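First up is the structure itself, then whatever we jot down about it.
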Amino acid sequence: MNKSKSKGLSLRQKEAATGIAFIALPLISLILFMYYPIIRSFMISAFDWNLLSDPKFIGLDNYKTLMHDEVFKTSLLNTCKWVIIYVPMSVITSFLLALLLDQKLKGAGFFRTLYYLPVVAPIVVVALLFVWIYNTDYGILNFILKKLFNMEPIGWLTDSRYSLFAIAVMSVWKWAGYNMLIFLAALQGIDDGIYEAAAIDGVTPMSKLFKIKIPLVMPSIYFVMLTAVIDAFQMFTEIFIMTKGGPGYSTYTVSYYLWSCAFEYSKMGYACAMAAVMFVIILVVTLVQNKVMDRKVQYDV
């Protein structure tokens with residue numbers, strides 16, 4: 001009996017060792033490339049460091065400077081504007097595309113592939129493409145508007161009134177296909193029996209949308225909105241390629257200003273303080289969003 005018990009313990013130990021072996025590499029990667037940089041960033045934010053000389057401890061001075069930094073305030077405001085513009089546009093566009101492609105039509109598979117293609121295209125290529133499309137003098141967008149509506153050329157990327165919105169349109173076009181697939185999978189997971197029962201009851205298409213489809217895909221809407229908000233707060237590449245924060249500071253975001261302080265002006269401690277503030281802001285927004293949205297989400301058991 002003791003021998004059997006010993007074998008049982010040995011088997012459990014082997015299973016535990018196998019489990020640890022499988023999770024060890026991802027866990028080590030997570031610690032090295034995510035948790036350690038976050039902790040290190042918080043630590044560096046308490047120093048004055050230009051990457052070349054030894055760090056000098058200054059406590060909370062970087063955070064105090066941030067409170068009076070007008071460029072930081074402008075970039076934070078622009079980041080909030082970006083979230084307000086981009087997130088609704090992205091979610092609504094993706095959901096509408098998913099509704100269209102959920103229909104049983106000829107060629108639906110082709111259009112699913114077509115709408116997803118921008119997602120696999122490199123962001124640098126897409127950004128440069130839209131720089132050409134938005135060009136004030138010879139861009140195709142102004143050319144079309146001139147021909148159709150006789151409009152004067154618009155500085156989509158050189159006029160502070162349009163620049164942030166123009167970049168948001170490009171980002172929606174780039175990423176709509178990814179969110180579309182998430183919504184499409186959720187829509188196609190709805191039981192046909194629910195639609196049949198609704199048809200018998202004489203439910204109108206609009207009621208079908210708001211009373212059946214949207215409530216049943218709410219977990220997917222919740223996920224897409226959560227990830228879209230987090231991604232929007234970290235937006236950098238589009239700004240770097242298309243406007244460099246201009247015109248003026250109209251497209252300066254916190255991510256872009258952070259990068260400028262760290263790698264153009266060698267203010268690594270100040271940049272880390274900015275990153276710490278953004279980390280806290282994103283965390284708070286995510287927790288609030290999670291609290292509000294979770295009440296409206298029902299998961300099937």
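Maximal additional length on extending the residue 290-residue 117 stretch stands at 59.2 nm, based on 0.36 nm per residue less the C-alpha distance.
Of the listed values (1) 6, 23, 25, 21, 16, 8, 2, 0; (2) 5, 19, 24, 23, 16, 9, 3, 1, 0, 0; (3) 6, 25, 30, 22, 11, 4, 2, 0, 0, identify the label whose number matches P(r) over Cα pairs in 10 Å bins from 0, in percent calculated from this model. Recomputing P(r) over Cα pairs in 10 Å bins from 0, in percent here picks out (2).
Suppose every Lys and Arg Cβ carries +1 and every Asp and Glu Cβ carries -1, with no other charges. What dipole size does the chain come out with about its Cα centre, to the nearest 20 debye?
Numbers: 25 positive and 19 negative charges, 174 e Å.
Here the size comes out at about 840 debye.
Taking the fewest neighbouring Cβ atoms within 10 Å as the starting point, the ordered list for 217, 120 is 120, 217. With a Förster radius of 35 Å applied to the beta-carbon distance between residue 190 and residue 31, the computed FRET efficiency rounds to 0.30.
Computed from backbone phi with θ = phi - 60° and the Karplus coefficients 6.51, -1.76 and 1.60, the 3J(HN,Hα) list for segment 261-267 is 5, 6, 10, 9, 10, 6, 9 Hz; x is used for glycine and proline.
Give the calculated FRET efficiency between residue 11 and residue 99 to the nearest 0.05, with a Förster radius of 41 Å applied to their Cβ-Cβ distance. Computed FRET efficiency for residue 11 and residue 99: 0.20. The residue 151 and residue 214 beta-carbon pair, evaluated with R₀ = 35 Å, returns a calculated FRET efficiency of approximately 0.45.
Work out how much length residue 281 to residue 165 would gain on full extension: take 0.36 nm times their residue separation and subtract the Cα-Cα distance, in nm to one decimal.
Numbers: separation 116, 0.36 × 116 = 41.76 nm, distance 2.27 nm.
Gain in length upon complete extension: 39.5 nm.
Each value in this text was obtained by applying a stated rule to the coordinates, not by laboratory testing. Source: prediction; values computed, not measured. No Cβ is skipped: glycine too gets one built from the backbone with ideal geometry, and neighbour counts run over all protein chains shown.
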